[in-house]
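Reviewing the structure listed below.
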Amino acid sequence: MGSLILWWALIVQMLSFFCWSSGAGPLCCSDPPILDPHSGAGHVEKLGGLPTYVIGSPYSKHAAVLISDVYGYQAPNLRKVADKVAAAGFFVAVPDFLKGDPFVRADTKRPMSVWIKDHSTDEGFEFAKVVIQDLKNRGYSAIGAAGFCWGAKAAIQLAKCDSIKAAALLHQSYVTVDDIKEVKVPLAVLGAEFDHPEIVKQFEEVLKGKPEIESFVKIYPGVRHGWTIRYNITDTYTIKKADEAHEDLIQWFSKHVK
């Protein structure tokens, strides 16, 4: 029995590493939310040609784009984050980069390995560029971007092309050390204790070697991948850590986007 437990632990670790090194994996689709198109205090309108959940004053000059994980822009907890950021004085946009096709964990005929072929991170970046340009055309002179899991790759790509003021990555997938080496704007990396913290520390070391780029790297204890938007609403500790991460994100944007 002991050897079986050890083998199972090794398999889980390997699958978890796949999530980091190759892209979306088991941890990236765990704890699926119940999607609700009517959740949040904002509304949906077109931005960059995409249906987008928006909230905040249209008269603000400061905007934030939140790029979803594989479950998309209708996830209630993601919209709660948007509402919090908007309350800090930002116009916030959560676009539907998944084109109305979020990952459905229960669909055994279309596992992640199949679904991801229709939703490349490169396409997410192309959508993000259009959304950023639309915001600039509307008069938002300072824009930040935060990417969650799948969305982190688009956020880091934006940070590499100097089209935004600051970026943040939350329980990221797909992002590599080489990506971190190329960032041109202030970058925050928010990671979890049970989500390969050693890789987050590698990111931190690279950022320490770029003193011209302000950075903030934090590993939150006792939580795992996805904790900032896919937390159990009955788990008070995880909620507390999610709230802490949300506040850190708001402070990061307030410092570098306003």
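The values are calculated or read from the model by the stated rules, or taken from the named source; none is laboratory data. Here the structure is a predicted model, which means the values were calculated and not measured. Ideal geometry is used to build each Cβ from the backbone, glycine not excepted, and the neighbour counts take in all protein chains shown.
So for segment 69-84 (the condition being aliphatic (A, V, I, L, M), touching a Cys at 6+ places or on another chain (Cβ under 7 Å) and within 23 Å of residue 171 (Cα to Cα)), does at least one residue qualify? Even if it seems obvious, please write down each step before you answer.
Applying the first criterion (aliphatic (A, V, I, L, M)) to segment 69-84 yields 70, 75, 78, 81-82.
Now restrict to residues that are touching a Cys at 6+ places or on another chain (Cβ under 7 Å): 70.
Remaining after also requiring within 23 Å of residue 171 (Cα to Cα): 70.
The answer is yes; a qualifying residue exists.
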Taking segment 143-186 on its own, how many of its residues are within 10 Å of the chain's Cα centre (by Cα) and assigned to a loop (DSSP other than H, G, I, E, B)?
3
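Being at pLDDT below 95, buried (at least 17 other Cβ atoms within 10 Å of the Cβ) and closer than 22 Å to residue 32 by Cβ is true for just one of 195, 235. Which residue is that?
On the way: 235 fails: buried (at least 17 other Cβ atoms within 10 Å of the Cβ).
Criteria check complete, one pass: 195.
Filter segment 89-118 down to residues that are basic (Lys, Arg) and assigned to a loop (DSSP other than H, G, I, E, B) and give me whichever is nearest to the chain's Cα centre (by Cα). Can you show your working first?
Quick first cut of segment 89-118, residues basic (Lys, Arg) only: 99, 105, 109-110, 117.
Okay, now just the ones that are also assigned to a loop (DSSP other than H, G, I, E, B), so 99, 105, 109-110.
Values: 99: 17, 105: 19, 109: 26, 110: 23 Å.
My answer is 99.
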With the structure loaded, tell me whether residue 258 is farther than 26 Å from residue 70 by Cα, surrounded by fewer than 22 Cβ atoms within 10 Å (Cβ to Cβ) and at pLDDT below 95 or whether it fails that test.
yes
For segment 26-48, name all the residues that are touching an Asp or Glu at 6+ places or on another chain (Cβ under 8 Å) and either closer than 19 Å to residue 150 by Cα or in a loop (DSSP other than H, G, I, E, B) (or both).
27, 28, 40, 41, 42, 48
Selection from segment 96-152 of residues that are within 16 Å of residue 68 (Cβ to Cβ) and of a type in the set (Phe, Trp, Tyr):
97, 103, 115, 125, 127, 148, 150
Run residue 5 past the list (1) modelled with pLDDT of 95 or more; (2) loosely packed, with under 12 Cβ neighbours inside 10 Å and report the number of the one that doesn't hold.
(1)
Could you list all residues from segment 88-103 that are touching a residue at least 60 places away in the same chain (Cβ under 8 Å) and either under 19 Å from residue 129 (Cα atoms) or in contact with a strand residue (DSSP E or B) (Cβ under 7 Å, 6 or more places away or on another chain) (or both)?
89, 90
Residues of segment 187-200 satisfying the condition of being under 18 Å from the mean Cα position of the chain (by Cα) and at negative phi
187, 188, 189, 190, 191, 192, 193, 194, 195, 197, 199, 200
